[in-house]
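Take a look at the structure set out below.
The values are calculated or read from the model by the stated rules, or taken from the named source; none is laboratory data. It should be emphasised that the depicted structure is a prediction, and the values quoted were computed from it without experimental measurement. When we count neighbours, we look across all protein chains shown, and the Cβ atoms used for this are built from the backbone with ideal geometry, even at glycine.
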Amino acid sequence: MTNHNKKTYEDIYFDRLDYLQKRIDILIKNDNFFEVILWFANIIDAEITILLSLYEKNIKLVDEIYTNFLKDYKPRRCEDIRRKGKTLGELKEELSHYLGDKETLDLLEKFIFVRNKINHKFFETSENPADIENEIKVNINSWWKLIYKLSEEMNKLLKQYNELLNQSIKA
């Protein structure tokens with residue numbers, strides 16, 4: 001495969017999303033809730049990464065159309081964002097500079113809190129693993145909602161980008 005035909009981070013994400021959603025459904029059906037949170041984390045991480053890249057591309061395009069003040073500004077590709085190895089918490093912090101939807105940010109904060117109990121604090125807490133697993137089970141619908149809200153924001157940004165692109169072509 002040549003570089004010209006190389007799939008982007010976004011291409012690979014969207015190619016695999018349906019598989020991951022089906023995999024999560026199977027895990028939920030089998031009460032494998034600790035495993036569920038790992039796949040949710042991968043999806044949420046990818047969606048935030050894509051959102052950050054889209055926000056930056058839109059900023060650059062708006063600038064090119066209206067002011068050209070940021071001529072040296074280069075929006076990051078998803079691969080550039082991933083290369084930094086940011087944690088989910090760091091990605092959330094960066095996202096909060098662009099996204100004003102408090103409900104989405106609160107859902108994300110709660111998800112990160114529960115995920116961190118498993119990934120970073122599991123052997124440091126006296127909390128019963130069954131209680132943590134129940135907390136995952138209780139929050140699954142909230143996390144689907146979070147993924148939905150992030151996807152909706154992605155769609156909104158893609159529409160804006162296409163509108164801006166059409167505007168720049170006409171200019």
Any residue that is free of Cβ contacts under 8 Å to residues at least 60 places away in the same chain and either over 12 Å from the mean Cα position of the chain (by Cα) or surrounded by fewer than 12 Cβ atoms within 10 Å (Cβ to Cβ) (or both) - is there at least one of those in the range 47-59?
yes
If Arg83 satisfies every condition in (1) without any contact (Cβ under 8 Å) to a residue 12 or more places away in the chain; (2) in contact with a helix residue (DSSP H, G or I) (Cβ under 9 Å, 6 or more places away or on another chain) but one, which is the exception?
(2)
Take Asn166 and tell me if it is among the polar types (S, T, N, Q), modelled with pLDDT of 90 or more and exposed (fewer than 13 other Cβ atoms within 10 Å of the Cβ).
no
Any residue in the range 81-100 that is polar (S, T, N, Q), over 15 Å from the mean Cα position of the chain (by Cα) and either farther than 27 Å from Lys7 by Cα or modelled with pLDDT of 95 or more (or both)?
no
Any residue in the range 92-104 that is of a type in the set (A, V, I, L, M) sitting within a Cβ distance under 8 Å of a residue that is at pLDDT 95 or above and surrounded by 12 or more Cβ atoms within 10 Å (Cβ to Cβ)? List the pairs, counting only those 6 or more apart or interchain.
Leu95/Ile48; Leu95/Leu51; Leu95/Leu52; Leu95/Leu105; Leu95/Leu108; Leu99/Leu51; Leu99/Leu105; Leu99/Glu153
Here is a list: Asn116, Asn128, Asn155. Which entry is under 18 Å from the mean Cα position of the chain (by Cα), at pLDDT below 95 and not β-branched (Val, Ile, Thr)?
Asn116
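If we scan the range 67-77, do we find a residue that is within 17 Å of Trp143 (Cα to Cα) and of a type in the set (S, T, N, Q)?
There is no residue in the range 67-77 that is within 17 Å of Trp143 (Cα to Cα) and of a type in the set (S, T, N, Q).
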So Lys156 fits all but one of (1) outside any helix (DSSP H, G or I); (2) farther than 22 Å from Asn42 by Cβ; what number is the exception?
(1)
Kindly indicate which of Phe34, Phe69 is closer than 21 Å to Phe113 by Cβ and modelled with pLDDT under 95.
Phe34
State whether one or more residues within the range 60-70 are farther than 18 Å from Leu157 by Cβ, assigned to a helix (DSSP H, G or I) and without any contact (Cβ under 8 Å) to a residue 60 or more places away in the chain.
no
Considering Lys29, Lys7, Lys74, which residue is without any contact (Cβ under 8 Å) to a residue 12 or more places away in the chain, within 24 Å of Asn155 (Cα to Cα) and not aliphatic (A, V, I, L, M)?
Lys7
Residue list for the range 118-157, restricted to those being over 30 Å from Glu56 (Cα atoms) and buried (at least 18 other Cβ atoms within 10 Å of the Cβ)
Ile118, Ile132, Ile136, Asn139
State yes or no: is Thr104 among the β-branched types (Val, Ile, Thr), crowded, with 16+ Cβ neighbours inside 10 Å and either over 23 Å from Val36 (Cβ atoms) or under 14 Å from the mean Cα position of the chain (by Cα) (or both)?
yes
Every residue in the range 1-44 that is farther than 30 Å from Ala130 by Cβ, part of a helix (DSSP H, G or I) and not aromatic (Phe, Trp, Tyr), please.
Asn3, His4, Asn5, Glu10, Asp11, Ile12, Asp15, Arg16, Leu17, Asp18
